[in-house]
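Visitor: What follows is a single structure, and I will ask about it in a moment.
The values are calculated or read from the model by the stated rules, or taken from the named source; none is laboratory data. Computed from a predicted structure; not experimentally measured. Every residue, glycine among them, receives a Cβ derived from its backbone with ideal geometry; neighbour counts consider all protein chains shown.
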2 protein chains.
Amino acid sequence: MDLTNLHALSATDAARVIREGVISSEQYVAACLARVRETDARIEAWAFLDPDFALAQARAADQHRLSGQAIGPLHGVPIGIKDIIDTADMPTENGSPLHAGRTPSRDAAVVTLLRAAGAVIMGKTITTEFACGASGKTRNPHDPAYSPGGSSSGSAAAVAAGMVPLALGSQTGGSTVRPASYCGVYGLKPTRGLIPRRGMSRVAQTLDTVGLFARALDDIALLLETCVAYDEGEFESSPRAHAPYRAVAAEEPPIPPTFGFVRTPHWDRVDADAKEAFAEIVERLGARVEEVELAGGIEQAWEWHAVIMESEVAVNLAREWDKGRARLSERLRTRIERGRAHPAARYLEALAQIPRLNNGFSELFEQKYDALLTPAATGVAPAGVASTGDPVFCSLWTMCGLPALSVPLMSGANGLPLGVQLVGPRHGEGRLLRTARWLVDTLRPRA
Amino acid sequence: MDLTNLHALSATDAARVIREGVISSEQYVAACLARVRETDARIEAWAFLDPDFALAQARAADQHRLSGQAIGPLHGVPIGIKDIIDTADMPTENGSPLHAGRTPSRDAAVVTLLRAAGAVIMGKTITTEFACGASGKTRNPHDPAYSPGGSSSGSAAAVAAGMVPLALGSQTGGSTVRPASYCGVYGLKPTRGLIPRRGMSRVAQTLDTVGLFARALDDIALLLETCVAYDEGEFESSPRAHAPYRAVAAEEPPIPPTFGFVRTPHWDRVDADAKEAFAEIVERLGARVEEVELAGGIEQAWEWHAVIMESEVAVNLAREWDKGRARLSERLRTRIERGRAHPAARYLEALAQIPRLNNGFSELFEQKYDALLTPAATGVAPAGVASTGDPVFCSLWTMCGLPALSVPLMSGANGLPLGVQLVGPRHGEGRLLRTARWLVDTLRPRA
């Protein structure tokens, strides 16, 4: 086994060779930490990273395996955790000076699931302020003059740079799919309610979803299988049979999938490069894709999303607003001010659109398309780190709670990556991943 | 069998003698209709009642039984349905001239369950305007100079007068427990989410609950067993094993139950008669009851309930407000205006109190009390029909989604009935009914 690029192993491969004893978790984690030392000075993906503690976890995993006990599907594999997701043994500062030094007493539910699967919690990754305010310090690994996207900035960048094979993020607007697109990795925002959110900082409870990052589709499926659980405290969670995402994702589609190409009412915001890249994809897919005009009234969906998000943010950050307004960014203060001004009736009207919109999408998926195909972002990453880019191509799907996956298939004229976004029906993650694989296999050989 | 008072049979007894062929459904329904003719001119409980159609349903039930087919637990038993609950074969006018002549195309989910159980849908009972506005015409069967309470006015009155053994109502504030108290019948507001609401006019989705009326505890248990179902479209509904409410309610408590007597911060609104009646009950229960001081901050709960209810009413009646404001009552217009003025942040803050309050109540039930004991209303029914009375002793339990039962155990100096309200833990209906039976058996012999 060639150990020179050990950090570049996928989580799936790493888990297998660790299980088989070909390498130790300590070797793999050490390789990832070496990669951090090598690259992170210019990327700054981490809010907290203690190499010794990561290695200690890896050694414990190795001893556990050698003792002959059963091991989980992520045994010895390191993962980065967005710094809005609580960890009992590391700080969780939510990207705000107001929460500096905050150390939760309990793991978030999803962290508990990861530990039970044997994962090594590598560290906490940079988030924008409360996942909805000012940018963090992280830069794009492909070119540090550009933004990695946000709010899951550090998670996307750390995975893209090879510092970890996996990371958790979150999405309330476009916080997973967009940074995945900018950083050239896979980013999955699953069906809302599928992964428990308990212990994740609440941005907007109607919208918040745990997001997953990886450099390989297999790894997304593996991570998803680990993170799915029922939480009876969650309004959109329900007990479900265990879904074999990895097996389904690995299957050949019984017939080649059909795609609905969605421009959305915001196509004019897409830059020329991205429009060209999409034209090429649509041309190459030929009869497998047709353009979908979303139903009338959809133009308002972005406004509804904003009303829901701002109203809930204003309440969820009320304590910070009351006690530390001066230490909130201007951007976040504006958002909270807008939220405080929305009438309850307007909020409730916006909320009532979600099932209405979903009825329309259910029909599309049942009758016509395996997935909707749409940009993950308006183009490649924006220059500088002041802005994490425009989430306009994500918020509709987030509002509807539909699974959305950024697939790193394209690039702009400057060589920066650009994702294709695939959107599937609620709880259709297995088929969505299978469809994504088909798309990659079909387009990549000639891309 | 003495047929002179056939209408006075309980639903449980009627269902049994119909099943055994002692009487026919037609005889029983005819007796109930005779009672309607005799009493309803002064009570006016019905928004729609077609005696021929009720008899036709009864004859069909009799033929069905005679054909040897399986029959349901309510086979041939008539029930009144509050006129905000849709019926495919009768109008549903929601107590408003704006909906005059409205004929739904489908039965509400709970009506479907009743028909499947063999019930005869007797007719539609008077509701206040949209179950939250102006009073209807119904008067108290004990004395037509008094209100029957509301909003489920006709359901409570029809059951109390012996026109039907059972009726469905609803509760968003105090619309089942209060009229049950004023009319001297049992009224159960079950755990929110237990009975499907699909096809019931939406007043305030966070609060709306289907309510049950009967003159006997057995009948409440029988009706509850019929009406419980999972509805995956409902946020508080979950699939549950069938609960044998009748069997549990009929059991002797393993040890005598303990009650927590709750005055609430609104005890000063209780009239002198009711205070005296409660003092007597507390004295007679002796060591079986202790007074409970609700936790600090509870004073605000009534305001939170109002914010939630008004905000949601404003949205749910937005079409009526936009198109027919002049035909809404002044009372309802004021309510909607208040609702339109609430900020989303205030609404969301109120919503966030529900789980917080429930945590407190869960502890009380787990550690100390079989049921909380509290007034069902501030006193006996108010004079006149302009007001349906004060729901102040109901809204807290409605907001928390806890099961609440009015037990007809007391009366005022003028002889009008007055209920004791028992409140139990979520999904504790079986034990709550068993506790109620113990209370009735214990107090009635000397009352």
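Visitor: For the range B:223-249, how many residues meet the condition of being more than 14 Å from every other protein chain (Cβ to nearest Cβ), exposed (fewer than 15 other Cβ atoms within 10 Å of the Cβ) and either of a type in the set (K, R) or more than 19 Å from B:K189 (Cα to Cα) (or both)? So that I can check it myself, show each step before the final result.
Guide: First pass over the range B:223-249, keeping only residues more than 14 Å from every other protein chain (Cβ to nearest Cβ): B:223-229, B:242-249.
Those left that are additionally exposed (fewer than 15 other Cβ atoms within 10 Å of the Cβ): B:242, B:244, B:247.
If we keep only those that are either of a type in the set (K, R) or more than 19 Å from B:K189 (Cα to Cα) (or both) too, we end up with B:247.
Number satisfying all stated conditions: 1.
Visitor: In the range A:230-261, how many residues are among the β-branched types (V, I, T) and either in contact with a Phe, Trp or Tyr (Cβ under 9 Å, 6 or more places away or on another chain) or free of Cβ contacts under 8 Å to residues at least 24 places away in the same chain (or both)?
Guide: 2
Visitor: From (1) assigned to a helix (DSSP H, G or I); (2) away from chain B (no Cβ under 14 Å); (3) acidic (D, E), pick out the condition that doesn't hold for A:E290.
Guide: So A:E290 meets the others, but not (1).
Visitor: Does B:E312 satisfy being within 24 Å of B:S387 (Cβ to Cβ), at the interface with another protein chain (Cβ under 9 Å from one of its Cβ atoms), among the acidic types (D, E) and touching a residue at least 60 places away in the same chain (Cβ under 8 Å)?
Guide: It is true that B:E312 is within 24 Å of B:S387 (Cβ to Cβ), at the interface with another protein chain (Cβ under 9 Å from one of its Cβ atoms), among the acidic types (D, E) and touching a residue at least 60 places away in the same chain (Cβ under 8 Å).
Visitor: Given the residues A:T388, A:T398, which is the only one that is among the β-branched types (V, I, T), in a helix (DSSP H, G or I) and under 24 Å from A:W302 (Cα atoms)?
Guide: Answer to the selection: A:T398.
Visitor: Does the range B:183-193 contain any residue that is surrounded by 21 or more Cβ atoms within 10 Å (Cβ to Cβ), at positive phi and either at pLDDT 95 or above or of a type in the set (A, V, I, L, M) (or both)?
Guide: yes
Visitor: Let me ask another. Go through the range B:204-222 and give me each residue that's surrounded by fewer than 24 Cβ atoms within 10 Å (Cβ to Cβ) and not in a loop (DSSP other than H, G, I, E, B).
Guide: Hits for the range B:204-222 are B:L217, B:D218.
Visitor: Let me ask you something else. Can you name the residue in the range A:124-179 that is among the hydroxyl-bearing types (S, T, Y) and outside any loop (DSSP other than H, G, I, E, B) and is also surrounded by the fewest Cβ atoms within 10 Å (Cβ to Cβ) among such residues? Walk me through how you get there before you give the answer.
Guide: Step one: filter the range A:124-179 for residues among the hydroxyl-bearing types (S, T, Y), giving A:125, A:127-128, A:135, A:138, A:146-147, A:151-153, A:155, A:170, A:172, A:175-176.
Within this subset, residues satisfying the condition of being outside any loop (DSSP other than H, G, I, E, B) are A:125, A:146, A:153, A:155, A:170.
Details: A:T125: 33, A:Y146: 21, A:S153: 34, A:S155: 39, A:S170: 26.
So, considering only residues that are among the hydroxyl-bearing types (S, T, Y) and outside any loop (DSSP other than H, G, I, E, B), the one surrounded by the fewest Cβ atoms within 10 Å (Cβ to Cβ) is A:Y146.
Visitor: Can I ask one more? Looking only at the range B:419-440, which residues are out of contact with any Leu (no Cβ under 8 Å at 6 or more places or on another chain) and either at pLDDT below 95 or not charged (D, E, K, R) (or both)? Full working, then the answer.
Guide: Here is the first cut: in the range B:419-440, the residues out of contact with any Leu (no Cβ under 8 Å at 6 or more places or on another chain) are B:428, B:430-431, B:434, B:438.
Correct list: B:G428, B:G430, B:W438.
Visitor: Output the number of residues of the range B:1-34 satisfying the condition of being free of Cβ contacts under 8 Å to residues at least 60 places away in the same chain, surrounded by 18 or more Cβ atoms within 10 Å (Cβ to Cβ) and assigned to a loop (DSSP other than H, G, I, E, B).
Guide: So the count comes out to 2.
Visitor: Another question, then. Pick from B:A108, B:A100, B:A134, B:A117: which is in contact with a Pro (Cβ under 6 Å, 6 or more places away or on another chain) and modelled with pLDDT of 95 or more?
Guide: Values: B:A108 fails: in contact with a Pro (Cβ under 6 Å, 6 or more places away or on another chain); B:A100 fails: in contact with a Pro (Cβ under 6 Å, 6 or more places away or on another chain); B:A134 fails: in contact with a Pro (Cβ under 6 Å, 6 or more places away or on another chain).
Checking each option against the conditions leaves just B:A117.
For every residue, the table says whether it meets (1) more than 14 Å from chain B (Cβ to nearest Cβ); (2) of a type outside the set (F, W, Y); (3) in a helix (DSSP H, G or I); (4) out of contact with any Asp or Glu (no Cβ under 9 Å at 6 or more places or on another chain).
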{"position": "A:W304", "(1), (2), (3), (4)": "no, no, yes, no"}
{"position": "A:R319", "(1), (2), (3), (4)": "no, yes, yes, yes"}
{"position": "A:R325", "(1), (2), (3), (4)": "yes, yes, yes, yes"}
{"position": "A:R331", "(1), (2), (3), (4)": "yes, yes, yes, no"}
{"position": "A:I336", "(1), (2), (3), (4)": "no, yes, yes, no"}
{"position": "A:R340", "(1), (2), (3), (4)": "no, yes, yes, no"}
{"position": "A:L351", "(1), (2), (3), (4)": "no, yes, yes, yes"}
{"position": "A:N359", "(1), (2), (3), (4)": "no, yes, yes, yes"}
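Visitor: What's the number of the only condition in (1) farther than 24 Å from B:A249 by Cβ; (2) in contact with a strand residue (DSSP E or B) (Cβ under 7 Å, 6 or more places away or on another chain) that B:P144 fails to meet?
Guide: (2)
Visitor: For residues that are touching an Asp or Glu at 6+ places or on another chain (Cβ under 7 Å) and outside any helix (DSSP H, G or I), tally how many sit in the range B:89-100.
Guide: Number satisfying all stated conditions: 6.
Visitor: Still on this structure, please answer the following. Is it the case, given these coordinates, that B:E366 is more than 14 Å from chain A (Cβ to nearest Cβ), of a type in the set (D, E), assigned to a helix (DSSP H, G or I) and surrounded by fewer than 20 Cβ atoms within 10 Å (Cβ to Cβ)?
Guide: yes
Visitor: Suppose we filter the range A:101-123 for residues that are assigned to a helix (DSSP H, G or I) and in contact (Cβ under 8 Å) with a residue 12 or more places away in the chain; how many remain?
Guide: Keep residues of the range A:101-123 that are assigned to a helix (DSSP H, G or I), which gives A:109-116.
From the residues that got through so far, the ones that are in contact (Cβ under 8 Å) with a residue 12 or more places away in the chain too are A:109-111, A:113-114, A:116.
Going through the range A:101-123 one residue at a time, the tally reaches 6.
Visitor: Turning to a different aspect of this structure: More than 25 Å from the chain's Cα centre (by Cα) and in a strand (DSSP E or B): is that true of B:E276 in this structure?
Guide: no
Visitor: Of all residues in the range B:423-444, how many are in contact with a strand residue (DSSP E or B) (Cβ under 9 Å, 6 or more places away or on another chain) and within 16 Å of B:D218 (Cβ to Cβ)?
Guide: The number of residues fulfilling the criteria is 9.
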